[in-house]
Amino acid sequence: MKRRSLIKAFTLSASIAAMGLSWTVQAAETIKVGILHSLSGTMAISETSLKDMALMTIEQINAKGGVNGKLLEPVVVDPASNWPLFAEKSRQLLTQDKVAVVFGCWTSVSRKSVLPVFEELNGLLFYPVQYEGEEMSPNVFYTGAAPNQQAIPAVEYLMSEDGGAAKRFFLLGTDYVYPRTTNKILRAFLHSKGVADKDIEEVYTPFGHSDYQTIVANIKKFSAGGKTAVISTVNGDSNVPFYKELANQGLKATDVPVVAFSVGEEELRGIDTKPLVGHLAAWNYFESVDNPVNTQFVADWKAYAKAKNLPGADKAVTNDPMEATYVGIHMWAQAVEKAKSTDVDKVREALAGQTFKAPSGFTLTMDKTNHHLHKPVMIGEIQDDGQFSVVWQTEQPLRAQPWSPFIPGNDKRPDYAVKGN
Amino acid sequence: MPKALHSLLLALLLLLPLAARAAGDADYFIAAKPNEQASLLQGWAAQPDPARLELLSSLQQGRLGPDDSRKLRLNNRLRGLVDNALASHRLLSDDARVRLAAAQQLQKSAQPAQVAFLDRRFASEPDAAVHAALGLALANLQLVATDPAVRLAAVRLLGETGDPMARTRLESLLDPSVETDPTVRTAAETSLAQVKRKLLIGELLGQAFSGLSLGSILLLAALGLAITFGLLGVINMAHGEMLMLGAYSTYVVQVLVQRYAPGALDFYPLLALPVAFGVSAGVGMLLERTVIRHLYGRPLETLLATWGISLILIQAIRLLFGAQNVEVANPAWLSGGLQVLPNLVLPYSRLVIIGFALCVVLLTWLLLNRTRLGLNVRAVTQNRNMAACCGVPTGRVDMLAFGLGSGIAGLGGVALSQIGNVGPDLGQSYIIDSFLVVVLGGVGQLAGSLWAAFGLGIANKLLEPQIGAVLGKILILALIILFIQKRPQGLFALKGRVID
């Protein structure tokens, strides 16, 4: 393992060194594609697999002859969970490496940090993670869920009889733009359902927070006042100590269910899930979804992980942002073929209305105007093997509402992408 | 006694046909829709039947029967109802301990439909503890009884508990439109005050405990630094990486034990302790001999060099183990917690870590104050030249002391791996806290570090519920800066002519 990693590191540095010299020669034969995911730091737990998924998808497209007769050439950079570094690296990708498109970012704060760069240089970013909405840039395509495709249906489920008929809500999040905005939307939504402010508690922790004693004690205290559900927007590896503390303090899913928006199969790999059975997650895809497209997708991924000897390859799992990455790359490739060019403006036009048969079991459509995918919503329960079993799902994919109607002033926003908002 | 005999006979009589019926229940249950399943479970809870015990226990495990492989789908609502129905059935058990656990579960989950059944069990229960627990479960339901006298008795009984749920139930009775009888309302007020007092005690104890727990973690992180920085005066920026090496040693030991001796997996953290100490101490001594000893007396260069070393160590671990966190599992004896009060659970892992931290402090203190090595270390730190004149091998003492500090950090890493994430950046998140503890406690003082660690831990946990984790951390930093301004030597300063 050591030797292989060393070789990998060597080839990476060699390729970076060679890039400056040889891109002009190669540009004629390949299309460069940027991959911008943290491979170290607190977000590495979530983002590393997206990089690998992007590489696998590119490899598959290349195996079928590439796009417009040209092979795709991935350029991988590591912004190291460091938000300003995201902007720097994306500028490097767009100006030095001259990539046609970038697939990347997980946290909203990283997306917000690269957004001005993409708008200034007219780049193209595919963002594969569920987020808080309130954004619609012409230079970004959002293949993850907007709040109405994840957060709001999840809360509706918790309020339903099957979800436990929750009356009180504990909103717990990491302290940055995504949890704060999502909770703002959820609070307005809960108000509209007649939940009073005294039945909503909002708590934030710093990134990488690891001591959840006080917070779990507070959840316990809060839950004594009536049927409570926790809505967690905790991001990254902080989830592990949070769930450990929940289990150690004896808070079970039957008493207080936790529904998480950032915990998927990949995050659960690092924990013993037996004490977590029954806690929920809301996504648009789960590995356990049963359909032929997904069976193929999961098998491909497991084979790829084994062939490339990724860390923990024997327990490789797929998750929602990986599926969104996969769908995004394929849609971009389809649009490039349709536009017969990688020119950003032409590709953007060709992307409107693209469809793709996704592993979630639905044919997903890129909306004609709002740059978001139409996605189905699924609520899954954690099982003791680290997988989710779907307990509820929508019949049809929903159209995204990036400008949430629960935030005042959004009714005046245009339903098409405009720069600088 | 005749009653028990009677029910035993009855059970025996019904045994044959019931066995067949239990299998029928399972079929019936699996065929039903979730809503029907819910009402089925509610019905079973109100009228328990010993023959269903097996089915319900299996349902709790997520199966239909011990050897039934049909797929069962439960959601949280159904799981709660299964727990409740099972508790109802377990009240019929012959074992008083089983009945007690069942009654305690029913205190949380009993439904109005179960009143009649609970009443009967309450009247016939022989065991005093179970009797009392059943009384409480019943009292929860009797708050809405039609007879004011029953309500009054229930309210008085609830005042005796420290159950957090009792508080909400009693609060609802204060409203004159809900509770029409003024005597019951007054009794509810008294009981509420009692319950609140009990809850407050639990809360305060909980806060004190989490403060102690955070303090013990800070102490384990800082203790090694108290030696390398405090006694030797090396500004060791690579200290965090010694913690990380300890945590990774734990991971490696876990993997090896899993592969070669799966039977002993429960005790791998104990096995990891000497390994982590050895690895960290070895790396520490190597660094001291190759880099740090050339830089004694040049603090700025030491700082830069050790910072560089820390980056090298992080990258080395990344190349060896990958950038992602590795999974370090808690053994069974470190999972779960001890229920002390109705609103206070002390997790075992944290209890063990507090004890472990104190043990390490004690051992370090003994080593420094009761052994020849300790004497030499103290001699060298107080006056190097004089110690050298007296024949103390200062170079070797430096190396051993640095190794000791690093080894203790390795031990801290083992403890940290049990409560947090193990990744290449683990050390980075503790290095600042470690320096804070050592500087606040007073450089060169073990006792200072002890007080500073627990002080910081408790202050942090007292502030957190009031102003949140983010602001709390900022406020603590600001307070420490103010304190150091006023008292640069820290909490405990060495008196006299020692050190310079």
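Could you sort the peptides A:401-408, A:376-383 by per-residue average Cβ neighbour count (10 Å cutoff), highest mean leading? Working shown, then result.
Numbers: A:401-408: 18.0, A:376-383: 23.4.
Order by mean packing, descending: A:376-383, A:401-408.
Quick check: from the Cα gyration tensor, does the protein assembly as shown come out rounded (a/c under 1.5), prolate or oblate?
Numbers: a/c = 1.84, a/b = 1.14, b/c = 1.62.
The shape class here is oblate.
Quick check for you: with a 1.4 Å probe and neighbouring chains kept, what is the accessible area per residue of region B:207-438, in Å²? Could the numbers behind the result be given before it?
Numbers: 9320 Å² over 232 residues.
Spelled out: the 1.4 Å probe surface of region B:207-438, per residue, equals 40 Å².
Accessible area per residue of chain A at 1.4 Å probe, in Å²? Before the final figure, lay out the partial values.
Working: 15120 Å² over 421 residues.
Value for chain A: 36 Å² per residue.
Charges on Cβ only, +1 for Lys and Arg, -1 for Asp and Glu, centred on the Cα centroid of region B:2-200; of B:Gln42, B:Ser69, B:Leu138, which one is farthest towards the dipole's positive end?
B:Ser69
Could you give the size of the charge dipole of region B:207-438 about its Cα centre, using +1 on the Cβ of each K and R and -1 on the Cβ of each D and E, expressed in debye and rounded to the nearest 20? Please report the intermediate quantities before stating the final value.
Working: 11 positive and 8 negative charges, 123 e Å.
That gives region B:207-438 a dipole magnitude of about 580 debye.
Using Cα centres only, tell me the gap between region B:158-226 and region A:304-359 in whole Å.
If we compute the Cα centre of each part, the gap is 52 Å.
What is the interface area between chains B and A, defined as buried accessible area summed over both chains with a 1.4 Å probe, reported in Å² to the nearest 100? All intermediate terms of the calculation are to be shown ahead of the outcome.
Working: alone 26110 and 17000 Å², together 39310 Å².
Summing both chains' loss of accessible area gives about 3800 Å².
By how many degrees, between 0 and 90 and to the nearest 10, does the Cα long axis of helix B:299-321 differ from the longest principal axis of chain B?
50 degrees
Dipole size in debye (nearest 20) for region B:2-200 around its Cα centre, Lys and Arg Cβ +1, Asp and Glu Cβ -1?
Details: 24 positive and 21 negative charges, 88 e Å.
Rounded to the nearest 20 debye, it is 420 debye.
Given contacts defined as C-alpha pairs under 8 Å and at least six residues apart, what's the relative contact order of chain A, whole-number percent?
Working: 806 pairs, mean separation 73.9, N = 421.
In percent, rounded to a whole number, it is 18.
Placing +1 on the Cβ of each Lys and Arg and -1 on the Cβ of each Asp and Glu in region B:2-200, which of B:Gly80, B:Leu157, B:Phe122 has its Cα farthest towards the positive end of the resulting dipole?
About the Cα centre, the residue reaching furthest to the positive side is B:Gly80.
Taking every DSSP beta bridge with both residues inside the protein assembly as shown, roughly what % is antiparallel (nearest 5)?
Values: 21 of 55 bridges.
Of all bridge pairs located within the protein assembly as shown, approximately 40 percent are antiparallel.
Within chain A, which whole H helices from DSSP have a Cα span along their axis of at least 27 Å and a mean Kyte-Doolittle hydropathy of 0.0 or more, if any? Could the numbers behind the result be given before it?
Values: long enough: A:2-26 (34 Å, 0.41); A:44-63 (29 Å, 0.30); A:320-339 (28 Å, -0.10).
Sorted by number, the helices that extend far enough and score high enough are A:2-26, A:44-63.
Once amide H atoms are built 1.01 Å from N in the peptide plane, which residues 5 or more positions from A:Glu202, or in another chain, come under 5 Å H to H?
Answer set, sorted by chain and number: A:Leu171.
Loop-only check: which trypsin sites (Lys or Arg not before Pro) in region B:44-105 are DSSP coil with at most 11 other Cβ within 10 angstrom?
Values: sites: B:Arg52, B:Arg63, B:Arg70, B:Lys71, B:Arg73, B:Arg77, B:Arg79, B:Arg90, B:Arg97, B:Arg99; in loops: B:Arg63, B:Arg70, B:Lys71, B:Arg73.
Passing sites in region B:44-105 are B:Arg70, B:Lys71.
If Lys and Arg each add +1 and Asp and Glu each add -1, what is the summed charge of the other residues whose beta carbon sits under 15 Å from the beta carbon of A:Ala350?
Numbers: positive: A:Lys338, A:Lys340, A:Lys346, A:Arg348, A:Lys368; negative: A:Glu337, A:Asp343, A:Asp345, A:Glu349, A:Asp367.
Overall, the nearby charge balance is 0.
Would you pull out the residues with amide H under 5 Å of A:Val140's amide H, same chain only if 5 or more places away, H placed 1.01 Å from N?
Those qualifying (amide H under 5 Å, at least 5 residues apart or on another chain) are A:Leu125.
For region A:124-243, what class follows from the C-alpha gyration tensor (a ≥ b ≥ c being the square roots of its eigenvalues): rounded when a/c is under 1.5, otherwise prolate if a/b is larger than b/c, else oblate?
oblate
Counting only other chains, and only Cβ atoms inside 10 Å, what mean value do you get across the residues of A:217-224?
5
Under 10 Å, Cα contacts only: if you run a Gaussian network model on chain A, which one of A:Ala63, A:Ala299, A:Ala282 comes out with the highest mean-square fluctuation?
Of A:Ala63, A:Ala299, A:Ala282, the most mobile in the Gaussian network model is A:Ala63.
Which of the pairs A:Lys274/A:Lys306; A:Lys184/A:Lys274; A:Lys274/A:Lys375; A:Lys89/A:Lys306; A:Lys244/B:Lys461; A:Lys70/A:Lys338 have their Cα atoms more than 23 Å apart in this structure?
Numbers: A:Lys274/A:Lys306 26 Å; A:Lys184/A:Lys274 32 Å; A:Lys274/A:Lys375 30 Å; A:Lys89/A:Lys306 29 Å; A:Lys244/B:Lys461 19 Å; A:Lys70/A:Lys338 14 Å.
Exceeds cut-off: A:Lys274/A:Lys306; A:Lys184/A:Lys274; A:Lys274/A:Lys375; A:Lys89/A:Lys306.
What relative contact order, as a whole-number percentage, does region B:2-200 give when Cα pairs under 8 Å and 6 or more residues apart are counted?
Numbers: 218 pairs, mean separation 26.4, N = 199.
Relative contact order here is 13 percent.
Would you mind checking the tilt of helix B:96-109 against the longest principal axis of the Cα atoms of chain B, expressed as 0 to 90 degrees and rounded to 10?
90 degrees
Normalised by the number of residues in region B:207-438, what is the relative contact order in percent for Cα pairs under 8 Å and 6+ residues apart?
46 percent
Using modelled amide H (1.01 Å from N, peptide plane; none on Pro or chain starts), what sits under 5 Å from the amide H of A:Val77, excluding residues fewer than 5 places away?
A:Ile35, A:His37
Could you work out the mean count of beta carbons from other protein chains within 10 Å of each residue's beta carbon in B:76-83? The partial results should precede the final answer.
Values: counts 17, 8, 2, 7, 6, 1, 1, 3.
Averaged over the peptide's residues, the number is 6.
Using alpha carbons only, how many degrees (0 to 90, rounded to 10) separate the axis of helix B:34-46 from the longest principal axis of chain B?
In chain B, helix B:34-46 runs at an angle near 80 degrees to the longest axis.
Mind checking the mean number of beta-carbon atoms from other chains within 10 Å of the Cβ atoms in B:117-129? Could the numbers behind the result be given before it?
On the way: counts 0, 0, 0, 0, 0, 0, 0, 0, 0, 0, 0, 0, 0.
The per-residue average across the peptide is 0.
Given charges of +1 on the Cβ of Lys and Arg and -1 on the Cβ of Asp and Glu, with all other atoms neutral, how large is the dipole of the protein assembly as shown about its Cα centre, in debye to the nearest 20?
1920 debye
The values are calculated or read from the model by the stated rules, or taken from the named source; none is laboratory data. Predicted model only: the values in this text are computed from it and were never measured. Virtual Cβ from ideal backbone geometry, glycine too; neighbours counted across all protein chains shown. Areas reflect the complete protein model, heavy atoms only, side chains present, ligands, DNA and RNA absent. Shrake-Rupley method; radii C 1.70, N 1.55, O 1.52, S 1.80 Å.
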